[in-house]
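Quick notes on the structure that follows.
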Amino acid sequence: MIEHSPTLAPPPLTRLNLWVMAIATGLVVANLYYNQPLLDEIARTFRITQAKAGSISMLTQVGYAVGMLFIIPLGDMLKRKKLIMVNFALIIVALLLAAFAPNAGFLMAASFFIGATSVTPQLLVPMAAHLARPEERGRTVGFVMSGLLIGILLSRTISGFVGAHLGWRAMFIIAAVVMFVLWIVLYFLLPEVYPDYKGNYKSLMQSLGWLIRDEPLLRMAAVRGALCFASFAAFWTTLAFLLREPPFKAGSDVAGAFGLVGAFGALGASFMGRISDKGNSRQITTYSIGLIILSYLVFGIFGTSYIGLVAGVILLDLGVQATHISNQTLIFSLQPEARNRLNTVYMVTYFLGGASGTFIASQLWHIWQWPGVVLIGLIFSVLALLVHVRYAQLRTGKP
(Lines give C-alpha, C1' and ligand atoms only; values in the text may rest on other atoms or scores of the structure.)
Protein backbone atom coordinates (compact mmCIF):
# COMPACT_ATOMS: atom_id res chain seq x y z
CA MET A 1 0.00 0.00 0.00
CA ILE A 2 1.45 3.38 -0.96
CA GLU A 3 1.28 5.92 1.83
CA HIS A 4 1.40 9.68 1.36
CA SER A 5 1.29 12.46 3.89
CA PRO A 6 -0.58 15.69 3.18
CA THR A 7 1.36 17.63 0.56
CA LEU A 8 3.30 20.59 1.93
CA ALA A 9 3.31 23.83 0.00
CA PRO A 10 6.54 23.81 -2.05
CA PRO A 11 8.98 26.71 -1.69
CA PRO A 12 8.85 29.29 -4.50
CA LEU A 13 11.07 28.60 -7.48
CA THR A 14 13.30 31.65 -7.95
CA ARG A 15 15.29 32.47 -11.05
CA LEU A 16 18.50 31.85 -9.08
CA ASN A 17 17.25 28.40 -8.02
CA LEU A 18 16.46 27.56 -11.63
CA TRP A 19 19.89 28.63 -12.87
CA VAL A 20 21.62 26.68 -10.11
CA MET A 21 19.63 23.56 -11.01
CA ALA A 22 20.39 23.92 -14.73
CA ILE A 23 24.12 24.46 -14.17
CA ALA A 24 24.39 21.63 -11.65
CA THR A 25 22.51 19.30 -13.98
CA GLY A 26 24.92 20.05 -16.81
CA LEU A 27 28.09 19.69 -14.72
CA VAL A 28 27.07 16.41 -13.10
CA VAL A 29 25.75 14.72 -16.24
CA ALA A 30 29.03 15.63 -17.96
CA ASN A 31 30.71 12.95 -15.84
CA LEU A 32 28.95 10.30 -17.92
CA TYR A 33 30.43 11.48 -21.21
CA TYR A 34 34.00 12.58 -20.48
CA ASN A 35 35.25 9.14 -21.53
CA GLN A 36 33.74 9.09 -25.03
CA PRO A 37 36.26 11.29 -26.90
CA LEU A 38 39.03 9.59 -24.87
CA LEU A 39 38.19 5.99 -25.77
CA ASP A 40 40.83 5.74 -28.48
CA GLU A 41 43.53 7.06 -26.12
CA ILE A 42 42.35 4.74 -23.34
CA ALA A 43 42.49 1.80 -25.76
CA ARG A 44 46.10 2.65 -26.59
CA THR A 45 47.05 3.15 -22.93
CA PHE A 46 45.81 -0.29 -21.87
CA ARG A 47 46.44 -1.96 -25.25
CA ILE A 48 42.85 -3.09 -25.73
CA THR A 49 40.63 -3.12 -28.82
CA GLN A 50 38.33 -0.23 -29.70
CA ALA A 51 35.34 -2.53 -29.18
CA LYS A 52 36.49 -3.29 -25.63
CA ALA A 53 37.16 0.39 -25.00
CA GLY A 54 33.59 1.10 -26.10
CA SER A 55 32.39 -1.08 -23.23
CA ILE A 56 33.78 1.55 -20.82
CA SER A 57 31.21 4.01 -22.11
CA MET A 58 28.53 1.32 -22.08
CA LEU A 59 29.24 0.42 -18.43
CA THR A 60 28.98 4.08 -17.44
CA GLN A 61 25.49 4.22 -18.90
CA VAL A 62 24.49 0.89 -17.35
CA GLY A 63 25.74 2.21 -14.01
CA TYR A 64 23.62 5.31 -14.49
CA ALA A 65 20.55 3.15 -15.06
CA VAL A 66 21.30 1.09 -11.94
CA GLY A 67 21.87 4.23 -9.85
CA MET A 68 18.60 5.71 -11.03
CA LEU A 69 16.74 2.51 -10.23
CA PHE A 70 17.90 2.31 -6.62
CA ILE A 71 18.66 5.95 -5.70
CA ILE A 72 16.22 8.23 -7.54
CA PRO A 73 13.01 6.75 -5.99
CA LEU A 74 14.40 7.91 -2.63
CA GLY A 75 13.68 11.47 -3.80
CA ASP A 76 9.99 10.76 -3.06
CA MET A 77 10.88 9.41 0.40
CA LEU A 78 13.77 11.54 1.75
CA LYS A 79 14.64 15.21 1.88
CA ARG A 80 15.83 16.00 -1.62
CA LYS A 81 18.74 18.31 -0.79
CA LYS A 82 20.16 16.00 1.87
CA LEU A 83 20.08 13.07 -0.55
CA ILE A 84 21.93 15.14 -3.16
CA MET A 85 24.64 16.18 -0.71
CA VAL A 86 25.39 12.58 0.29
CA ASN A 87 25.43 11.48 -3.33
CA PHE A 88 28.04 14.10 -4.24
CA ALA A 89 30.62 12.53 -1.94
CA LEU A 90 30.24 9.25 -3.82
CA ILE A 91 30.64 11.01 -7.20
CA ILE A 92 33.99 12.45 -6.15
CA VAL A 93 35.27 9.05 -5.00
CA ALA A 94 34.19 7.43 -8.27
CA LEU A 95 35.97 10.03 -10.41
CA LEU A 96 39.21 9.67 -8.46
CA LEU A 97 39.09 5.89 -8.83
CA ALA A 98 38.84 6.31 -12.60
CA ALA A 99 41.68 8.84 -12.67
CA PHE A 100 44.09 6.42 -11.00
CA ALA A 101 42.87 3.17 -12.60
CA PRO A 102 45.85 0.77 -13.00
CA ASN A 103 44.25 -1.34 -15.72
CA ALA A 104 41.26 -1.54 -18.07
CA GLY A 105 39.23 -3.78 -15.76
CA PHE A 106 39.59 -1.36 -12.86
CA LEU A 107 38.61 1.54 -15.13
CA MET A 108 35.52 -0.35 -16.26
CA ALA A 109 34.45 -0.87 -12.64
CA ALA A 110 35.15 2.79 -11.82
CA SER A 111 33.19 3.86 -14.90
CA PHE A 112 30.20 1.85 -13.70
CA PHE A 113 30.54 3.58 -10.30
CA ILE A 114 30.69 7.01 -11.98
CA GLY A 115 27.45 6.26 -13.77
CA ALA A 116 25.74 4.88 -10.66
CA THR A 117 26.58 7.98 -8.59
CA SER A 118 26.07 10.75 -11.18
CA VAL A 119 22.29 10.58 -10.89
CA THR A 120 21.79 14.02 -9.31
CA PRO A 121 20.31 15.50 -12.54
CA GLN A 122 17.43 13.05 -12.23
CA LEU A 123 16.69 14.44 -8.77
CA LEU A 124 16.95 18.05 -9.94
CA VAL A 125 14.67 17.76 -12.99
CA PRO A 126 11.66 16.42 -11.00
CA MET A 127 12.44 18.99 -8.31
CA ALA A 128 12.16 21.78 -10.89
CA ALA A 129 8.91 20.27 -12.22
CA HIS A 130 7.57 20.04 -8.65
CA LEU A 131 8.39 23.67 -7.81
CA ALA A 132 7.16 25.11 -11.13
CA ARG A 133 3.64 26.36 -11.70
CA PRO A 134 1.61 23.87 -13.80
CA GLU A 135 1.26 26.27 -16.73
CA GLU A 136 5.05 26.73 -16.82
CA ARG A 137 6.13 23.14 -16.20
CA GLY A 138 7.20 22.41 -19.77
CA ARG A 139 9.22 25.61 -20.03
CA THR A 140 10.87 24.96 -16.65
CA VAL A 141 11.77 21.37 -17.52
CA GLY A 142 13.06 22.61 -20.88
CA PHE A 143 15.31 25.18 -19.20
CA VAL A 144 16.86 22.66 -16.82
CA MET A 145 17.16 20.16 -19.66
CA SER A 146 19.04 22.79 -21.67
CA GLY A 147 21.67 22.68 -18.95
CA LEU A 148 21.71 18.90 -19.13
CA LEU A 149 22.18 18.77 -22.90
CA ILE A 150 24.86 21.45 -22.85
CA GLY A 151 26.65 19.43 -20.18
CA ILE A 152 26.41 16.27 -22.28
CA LEU A 153 27.76 17.93 -25.39
CA LEU A 154 30.37 20.33 -23.99
CA SER A 155 31.74 17.54 -21.79
CA ARG A 156 33.02 15.94 -24.98
CA THR A 157 34.61 19.20 -26.11
CA ILE A 158 36.33 19.73 -22.77
CA SER A 159 37.50 16.14 -22.35
CA GLY A 160 38.74 15.99 -25.93
CA PHE A 161 40.86 19.10 -25.37
CA VAL A 162 42.15 17.98 -21.96
CA GLY A 163 42.88 14.49 -23.26
CA ALA A 164 44.88 15.82 -26.20
CA HIS A 165 46.99 18.15 -24.03
CA LEU A 166 47.10 16.65 -20.52
CA GLY A 167 46.09 13.01 -21.00
CA TRP A 168 42.85 11.21 -20.25
CA ARG A 169 43.55 10.76 -16.51
CA ALA A 170 43.70 14.53 -15.97
CA MET A 171 40.10 14.87 -17.10
CA PHE A 172 38.79 12.76 -14.23
CA ILE A 173 40.89 14.66 -11.67
CA ILE A 174 39.55 17.97 -12.95
CA ALA A 175 36.00 16.61 -12.83
CA ALA A 176 36.44 15.60 -9.17
CA VAL A 177 37.54 19.14 -8.29
CA VAL A 178 34.55 20.60 -10.14
CA MET A 179 32.19 18.30 -8.20
CA PHE A 180 33.66 19.46 -4.88
CA VAL A 181 33.14 23.13 -5.76
CA LEU A 182 29.61 22.40 -6.97
CA TRP A 183 28.83 20.58 -3.72
CA ILE A 184 29.58 23.79 -1.81
CA VAL A 185 27.43 25.90 -4.15
CA LEU A 186 24.44 23.57 -3.86
CA TYR A 187 24.75 23.45 -0.08
CA PHE A 188 24.08 27.19 0.11
CA LEU A 189 21.79 27.81 -2.88
CA LEU A 190 19.64 24.71 -3.43
CA PRO A 191 16.15 24.82 -1.82
CA GLU A 192 14.95 21.88 0.25
CA VAL A 193 11.95 19.84 -0.87
CA TYR A 194 10.25 17.66 1.73
CA PRO A 195 8.79 14.31 0.71
CA ASP A 196 5.15 13.34 1.16
CA TYR A 197 5.71 9.58 0.85
CA LYS A 198 5.64 7.81 4.24
CA GLY A 199 6.00 4.14 3.27
CA ASN A 200 9.17 2.05 3.54
CA TYR A 201 11.82 1.45 0.89
CA LYS A 202 10.39 -1.95 -0.06
CA SER A 203 6.94 -0.56 -0.83
CA LEU A 204 8.58 2.39 -2.59
CA MET A 205 10.38 0.03 -4.97
CA GLN A 206 7.29 -2.13 -5.42
CA SER A 207 5.35 0.95 -6.49
CA LEU A 208 7.62 1.23 -9.54
CA GLY A 209 6.00 -1.93 -10.90
CA TRP A 210 2.55 -0.55 -10.17
CA LEU A 211 3.36 2.63 -12.06
CA ILE A 212 4.53 0.64 -15.07
CA ARG A 213 1.36 -1.46 -14.93
CA ASP A 214 -1.09 1.42 -14.45
CA GLU A 215 0.41 4.15 -16.66
CA PRO A 216 0.43 3.30 -20.40
CA LEU A 217 1.70 6.80 -21.21
CA LEU A 218 4.73 6.11 -19.04
CA ARG A 219 5.44 2.85 -20.87
CA MET A 220 5.14 4.51 -24.27
CA ALA A 221 7.36 7.48 -23.34
CA ALA A 222 10.01 5.18 -21.86
CA VAL A 223 10.27 2.95 -24.94
CA ARG A 224 10.17 5.93 -27.31
CA GLY A 225 12.88 7.70 -25.35
CA ALA A 226 15.09 4.61 -25.09
CA LEU A 227 15.10 4.07 -28.84
CA CYS A 228 15.94 7.73 -29.52
CA PHE A 229 18.75 7.72 -26.98
CA ALA A 230 20.11 4.48 -28.45
CA SER A 231 20.50 6.24 -31.79
CA PHE A 232 22.15 9.20 -30.03
CA ALA A 233 24.63 7.00 -28.16
CA ALA A 234 25.47 4.97 -31.27
CA PHE A 235 26.79 8.08 -33.01
CA TRP A 236 28.68 9.68 -30.13
CA THR A 237 30.36 6.46 -29.00
CA THR A 238 31.86 5.75 -32.42
CA LEU A 239 32.62 9.32 -33.54
CA ALA A 240 36.16 9.25 -32.11
CA PHE A 241 36.83 6.02 -34.01
CA LEU A 242 35.51 7.53 -37.28
CA LEU A 243 37.61 10.66 -36.94
CA ARG A 244 40.74 8.61 -36.32
CA GLU A 245 40.35 7.04 -39.77
CA PRO A 246 41.01 8.58 -43.21
CA PRO A 247 40.08 11.09 -44.55
CA PHE A 248 39.93 12.81 -41.16
CA LYS A 249 42.90 11.39 -39.21
CA ALA A 250 41.95 13.59 -36.24
CA GLY A 251 42.44 13.20 -32.49
CA SER A 252 40.29 13.46 -29.39
CA ASP A 253 40.30 17.27 -29.46
CA VAL A 254 38.48 17.29 -32.83
CA ALA A 255 36.04 14.60 -31.67
CA GLY A 256 35.30 16.69 -28.60
CA ALA A 257 34.83 19.85 -30.66
CA PHE A 258 31.74 18.29 -32.19
CA GLY A 259 30.10 18.84 -28.81
CA LEU A 260 30.10 22.56 -29.58
CA VAL A 261 28.16 21.82 -32.75
CA GLY A 262 25.70 19.62 -30.92
CA ALA A 263 25.08 22.34 -28.35
CA PHE A 264 22.84 24.02 -30.93
CA GLY A 265 20.28 21.38 -30.01
CA ALA A 266 20.23 22.75 -26.46
CA LEU A 267 19.18 26.15 -27.76
CA GLY A 268 15.88 24.64 -28.85
CA ALA A 269 15.19 22.93 -25.53
CA SER A 270 13.33 25.73 -23.78
CA PHE A 271 11.40 26.51 -26.97
CA MET A 272 10.28 22.88 -27.23
CA GLY A 273 9.16 23.03 -23.62
CA ARG A 274 6.98 26.07 -24.32
CA ILE A 275 5.35 24.25 -27.24
CA SER A 276 4.65 21.27 -24.96
CA ASP A 277 2.91 23.65 -22.54
CA LYS A 278 0.54 24.61 -25.37
CA GLY A 279 -0.52 21.02 -25.97
CA ASN A 280 1.24 20.38 -29.31
CA SER A 281 3.66 17.78 -27.98
CA ARG A 282 2.46 14.82 -30.08
CA GLN A 283 2.92 16.62 -33.39
CA ILE A 284 6.25 18.09 -32.26
CA THR A 285 7.45 14.64 -31.25
CA THR A 286 6.61 13.30 -34.70
CA TYR A 287 8.77 16.00 -36.27
CA SER A 288 11.59 15.57 -33.75
CA ILE A 289 11.89 11.82 -34.37
CA GLY A 290 11.86 12.63 -38.07
CA LEU A 291 14.91 14.84 -37.48
CA ILE A 292 16.76 11.89 -35.95
CA ILE A 293 16.00 9.71 -38.98
CA LEU A 294 17.09 12.52 -41.30
CA SER A 295 20.35 12.94 -39.36
CA TYR A 296 21.32 9.33 -40.03
CA LEU A 297 20.49 9.68 -43.70
CA VAL A 298 22.88 12.63 -43.74
CA PHE A 299 25.53 10.59 -41.88
CA GLY A 300 25.15 7.77 -44.39
CA ILE A 301 25.41 9.96 -47.50
CA PHE A 302 27.79 12.71 -46.35
CA GLY A 303 29.55 11.08 -43.38
CA THR A 304 32.98 11.28 -45.00
CA SER A 305 33.03 15.09 -44.81
CA TYR A 306 33.09 17.52 -41.90
CA ILE A 307 30.14 19.42 -43.39
CA GLY A 308 28.02 16.27 -43.46
CA LEU A 309 28.93 15.35 -39.90
CA VAL A 310 28.21 18.86 -38.62
CA ALA A 311 24.79 18.96 -40.30
CA GLY A 312 23.93 15.51 -39.01
CA VAL A 313 24.99 16.34 -35.44
CA ILE A 314 22.74 19.41 -35.33
CA LEU A 315 19.75 17.41 -36.59
CA LEU A 316 20.44 14.47 -34.27
CA ASP A 317 20.87 16.48 -31.08
CA LEU A 318 17.89 18.74 -31.70
CA GLY A 319 15.67 15.75 -32.47
CA VAL A 320 16.74 13.73 -29.44
CA GLN A 321 16.48 16.69 -27.09
CA ALA A 322 13.03 17.72 -28.31
CA THR A 323 11.71 14.17 -27.94
CA HIS A 324 13.21 13.86 -24.46
CA ILE A 325 11.59 17.08 -23.21
CA SER A 326 8.24 16.04 -24.64
CA ASN A 327 8.53 12.68 -22.88
CA GLN A 328 9.44 14.17 -19.51
CA THR A 329 6.76 16.87 -19.64
CA LEU A 330 4.26 14.08 -20.33
CA ILE A 331 5.31 11.78 -17.48
CA PHE A 332 5.56 14.60 -14.91
CA SER A 333 1.89 15.39 -15.55
CA LEU A 334 0.72 11.92 -14.50
CA GLN A 335 1.09 11.60 -10.69
CA PRO A 336 2.60 14.66 -8.97
CA GLU A 337 3.35 12.80 -5.72
CA ALA A 338 5.36 10.15 -7.61
CA ARG A 339 7.44 12.28 -9.96
CA ASN A 340 10.79 10.81 -8.89
CA ARG A 341 9.51 7.27 -9.37
CA LEU A 342 7.96 8.13 -12.73
CA ASN A 343 11.28 9.66 -13.73
CA THR A 344 13.08 6.55 -12.45
CA VAL A 345 11.09 4.24 -14.71
CA TYR A 346 11.54 6.56 -17.67
CA MET A 347 15.24 7.29 -17.20
CA VAL A 348 16.28 3.72 -16.37
CA THR A 349 14.67 2.59 -19.61
CA TYR A 350 16.17 5.59 -21.40
CA PHE A 351 19.73 4.82 -20.37
CA LEU A 352 19.39 1.09 -20.94
CA GLY A 353 18.51 2.15 -24.47
CA GLY A 354 21.64 4.31 -24.57
CA ALA A 355 23.80 1.47 -23.25
CA SER A 356 22.36 -0.85 -25.91
CA GLY A 357 23.11 1.70 -28.62
CA THR A 358 26.67 2.10 -27.34
CA PHE A 359 27.33 -1.64 -27.18
CA ILE A 360 25.75 -2.55 -30.52
CA ALA A 361 27.37 0.37 -32.36
CA SER A 362 30.80 -0.52 -30.94
CA GLN A 363 30.44 -4.09 -32.15
CA LEU A 364 29.15 -3.05 -35.57
CA TRP A 365 32.02 -0.60 -35.91
CA HIS A 366 34.43 -3.48 -35.32
CA ILE A 367 32.70 -5.50 -38.07
CA TRP A 368 31.42 -2.99 -40.65
CA GLN A 369 32.73 0.34 -39.35
CA TRP A 370 30.73 3.48 -40.23
CA PRO A 371 28.06 1.86 -42.50
CA GLY A 372 27.19 -0.46 -39.60
CA VAL A 373 26.77 2.48 -37.23
CA VAL A 374 24.53 4.32 -39.69
CA LEU A 375 22.42 1.20 -40.18
CA ILE A 376 21.79 0.67 -36.46
CA GLY A 377 21.08 4.39 -35.95
CA LEU A 378 18.42 4.25 -38.65
CA ILE A 379 16.89 1.08 -37.19
CA PHE A 380 16.61 2.60 -33.71
CA SER A 381 15.11 5.87 -34.92
CA VAL A 382 12.60 4.24 -37.28
CA LEU A 383 11.49 1.93 -34.47
CA ALA A 384 10.98 5.01 -32.26
CA LEU A 385 8.76 6.56 -34.93
CA LEU A 386 6.74 3.34 -35.26
CA VAL A 387 6.18 3.24 -31.48
CA HIS A 388 5.08 6.87 -31.52
CA VAL A 389 2.73 6.42 -34.50
CA ARG A 390 1.23 3.28 -33.00
CA TYR A 391 0.55 5.14 -29.76
CA ALA A 392 -1.14 7.97 -31.69
CA GLN A 393 -3.33 5.41 -33.47
CA LEU A 394 -4.40 3.86 -30.19
CA ARG A 395 -5.24 7.27 -28.73
CA THR A 396 -7.35 8.26 -31.72
CA GLY A 397 -8.95 4.83 -32.20
CA LYS A 398 -7.57 4.43 -35.73
CA PRO A 399 -6.45 0.92 -36.84
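Send over a whole-number figure in Å² for the accessible area per residue of the chain, probe 1.4 Å.
Working: 15570 Å² over 399 residues.
Heavy-atom SASA per residue in the chain reads 39 Å².
Per-residue 3J(HN,Hα) values for region 72-87, derived from phi via the Karplus relation 6.51 cos²θ - 1.76 cosθ + 1.60 with θ = phi - 60°, read 4, x, 4, x, 8, 10, 10, 4, 5, 5, 4, 4, 5, 4, 5, 5 Hz in sequence order (x marks Gly and Pro).
From the Kirkwood radius over Cα pairs of region 15-128, Stokes-Einstein at 37 °C and 0.692 mPa s returns a whole-number translational diffusion coefficient of 224 µm²/s. Fully extending the segment from PHE302 to THR49 would add 88.4 nm, taking 0.36 nm per residue of separation and subtracting the current Cα-Cα distance.
Surface composition of the chain: carbon plus sulfur atoms contribute 70% of the solvent-accessible area (1.4 Å probe, protein chains only, all chains present).
Round to the nearest 0.05 the FRET efficiency obtained for ILE367 and MET205 when R0 = 45 Å and r is the Cβ-Cβ distance. Result of the calculation: an efficiency of 0.70. Shown in residue order for region 240-245 are the 3J(HN,Hα) couplings computed by the Karplus curve 6.51 cos²θ - 1.76 cosθ + 1.60 at θ = phi - 60°: 4, 5, 4, 6, 6, 8 Hz (x for Gly and Pro).
Residues whose amide H comes within less than 5 Å of that of ALA250, counting only those at least five positions distant or on another chain, are ARG244, GLU245 (H built at 1.01 Å from N in the peptide plane). Computed from backbone phi with θ = phi - 60° and the Karplus coefficients 6.51, -1.76 and 1.60, the 3J(HN,Hα) list for region 114-131 is 4, x, 5, 9, 8, 9, 3, x, 7, 8, 6, 5, x, 4, 5, 5, 5, 7 Hz; x is used for glycine and proline. All other residues whose Cβ lies under 11 angstrom from that of ALA338 are scored, Lys and Arg at +1 and Asp and Glu at -1, for a net of -3. Pairs exceeding a 28 Å alpha-carbon distance, out of LYS79/LYS202; LYS52/LYS82; LYS52/LYS81: LYS52/LYS82; LYS52/LYS81.
Over all distinct Cα-Cα pairs of region 318-389, the Kirkwood formula returns a hydrodynamic radius of 13.8 Å. Remark on TYR197: its backbone amide H falls under 5 Å from those of SER5, a criterion applied only to residues 5 or more positions apart or on other chains, H modelled at 1.01 Å from N.
Scattering from the C-alpha atoms of the chain alone, worked out with Debye: what is log10 I(q)/I(0) at q = 0.06, 0.07, 0.11, 0.13 1/Å? Values, matching the q order: -0.21, -0.29, -0.73, -1.04.
The values are calculated or read from the model by the stated rules, or taken from the named source; none is laboratory data. Small disclaimer: the values here were computed from a predicted structure and weren't measured. Every residue, glycine among them, receives a Cβ derived from its backbone with ideal geometry; neighbour counts consider all protein chains shown. In case anyone asks, the SASA skips ligands and DNA or RNA and just uses the protein heavy atoms, side chains included. Shrake-Rupley method; radii C 1.70, N 1.55, O 1.52, S 1.80 Å.
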